[in-house]
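Peer 1: Questions regarding the structure given below will be posed in turn.
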Amino acid sequence: MTRVRLGVCGWPVAHSLSPRMHNAALRELGLDDWRYQHLPIPPELFAETVRALPALGFRGVNVTIPHKEEAFALADVATETAKAIKAANTLTFENGVIHADNTDATGFLHALNESAYEKTALVLGAGGSARAILYALRQAGVGELRLWNRTPARAEALAQEFKATISAEPADIIVNCTSIGLKDPGETFKALPLQADDLGAGRTVVDMVYRHGGTLLLNTARERGAKVVDGLEVLIAQGAASLERWTGRTAPDQAMREALHDIA
């Protein structure tokens, strides 16, 4: 039996729950000869490693921190969404061609499950995920878009591109697109320009970082009365779109969700 391979590229990537989620989906679809795996790739080896993957039986890969912009750059062709964002979270290998797509934007809006029209929004971060969220919010008709990043120069360039204001003022919708809280959950409020009092009722807080039991940012926001969107829901939505591109089948999103929430 020839095995079809899929994976998630990142550095680090061992924390990613994508293999658990996607392998559950593949089982549900009866694709027993397909497997999804972690692919830890340091930045300096990303391009050459990805170009070698098709020969190893890979049909496609997801891409996470810090490779999304590089993934877009090395692709041969890209969707209009990926071109607008200038970052890719999904690569598909077909007949020697690398196709780039970005399902983060649609996945985010699906998980948000509310209108962003004419609302204020604060995006924290300036990497590939932030680019996708800024694009998604612009497409959704947000009224005012604010952007903060630890490196001011990166924030300024991105703000100009997406017509955002450099500001850390809390907004109706707050989205953490940084990796803060991924390794050390306690660093959240030391490293982000937010206070617990900024996260009360009337706010929607989204954390693209996910941890079992919730991140400190989300748990604090929930306690303060804000609506929260767990990064796991964004992961499911963007992952389902990627899987459908690779397999041509409707993704079993409930099986994907159950696989993530069944972890003890």
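The values are calculated or read from the model by the stated rules, or taken from the named source; none is laboratory data. Keep in mind that what you see is a predicted model, and the values were worked out from it rather than measured. Cβ atoms come from the backbone with ideal geometry, glycine included; neighbour counts cover every protein chain shown.
Peer 1: Identify all residues within segment 112-131 that are surrounded by fewer than 24 Cβ atoms within 10 Å (Cβ to Cβ) and farther than 19 Å from Ala82 by Cβ; write none if there are none.
Peer 2: Hits for segment 112-131 are Leu112, Asn113, Glu114, Ser115, Ala116, Tyr117, Glu118, Lys119, Thr120.
Peer 1: Next question, about the same structure. Within the set of pairs 6 or more residues apart or between chains, which connect a residue that is farther than 19 Å from Leu122 by Cα inside segment 170-190 to a residue that is among the hydroxyl-bearing types (Ser, Thr, Tyr) with Cβ atoms less than 8 Å apart?
Peer 2: Correct list of pairs: Pro185/Thr215.
Peer 1: Now for a separate question. Taking only segment 177-209 into account, find how many residues are crowded, with 22+ Cβ neighbours inside 10 Å and acidic (Asp, Glu).
Peer 2: Within segment 177-209, residues that are crowded, with 22+ Cβ neighbours inside 10 Å and acidic (Asp, Glu) number 1.
Let's see how each residue does on (1) farther than 20 Å from Leu235 by Cα; (2) at pLDDT 95 or above; (3) in a helix (DSSP H, G or I):
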| residue | (1), (2), (3) |
| --- | --- |
| Ile133 | no, yes, yes |
| Ala136 | no, yes, yes |
| Leu145 | yes, yes, no |
| Ala153 | yes, no, yes |
| Ala157 | yes, no, yes |
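Peer 1: Out of segment 94-111, which residues are touching a residue at least 40 places away in the same chain (Cβ under 8 Å), hydrophobic (A, V, I, L, M, F, W, C) and surrounded by 22 or more Cβ atoms within 10 Å (Cβ to Cβ)? Spell out how you get there, then give the answer.
Peer 2: As a first pass, look at segment 94-111 and keep what is touching a residue at least 40 places away in the same chain (Cβ under 8 Å): 96, 98, 101, 103-104, 106-108, 110-111.
So of that shortlist, the ones also hydrophobic (A, V, I, L, M, F, W, C) come out as 98, 108, 111.
Across segment 94-111, the qualifying residue is only Phe108.
Peer 1: Have a look at Arg211, Arg146 and point out the one that is outside the structural domain of Glu80 (by TED's automatic domain parsing), without any contact (Cβ under 8 Å) to a residue 60 or more places away in the chain and touching a Pro at 6+ places or on another chain (Cβ under 7 Å). Steps first, please.
Peer 2: On the way: Arg146 fails: touching a Pro at 6+ places or on another chain (Cβ under 7 Å).
Matching residue, one of Arg211, Arg146: Arg211.
Peer 1: I'm trying to understand the selection: among the residues of segment 206-264, which are part of a loop (DSSP other than H, G, I, E, B), charged (D, E, K, R) and modelled with pLDDT of 95 or more?
Peer 2: Of the residues in segment 206-264, the ones part of a loop (DSSP other than H, G, I, E, B) are 208-215, 224, 226, 230, 248-252, 262-264.
Those still in the list that are charged (D, E, K, R) too: 211, 224, 230, 249, 262.
Selection gives Arg224, Arg249.
Peer 1: Only one of Leu29, Leu45, Leu56, Leu74 is in the same structural domain as Thr247 (by TED's automatic domain parsing), touching a Ser or Thr at 6+ places or on another chain (Cβ under 8 Å), of a type in the set (A, V, I, L, M) and at pLDDT 95 or above. Can you tell me which? If you could, list the steps in order and put the result at the bottom.
Peer 2: On the way: Leu45 fails: touching a Ser or Thr at 6+ places or on another chain (Cβ under 8 Å); Leu56 fails: touching a Ser or Thr at 6+ places or on another chain (Cβ under 8 Å); Leu74 fails: touching a Ser or Thr at 6+ places or on another chain (Cβ under 8 Å).
It is Leu29.
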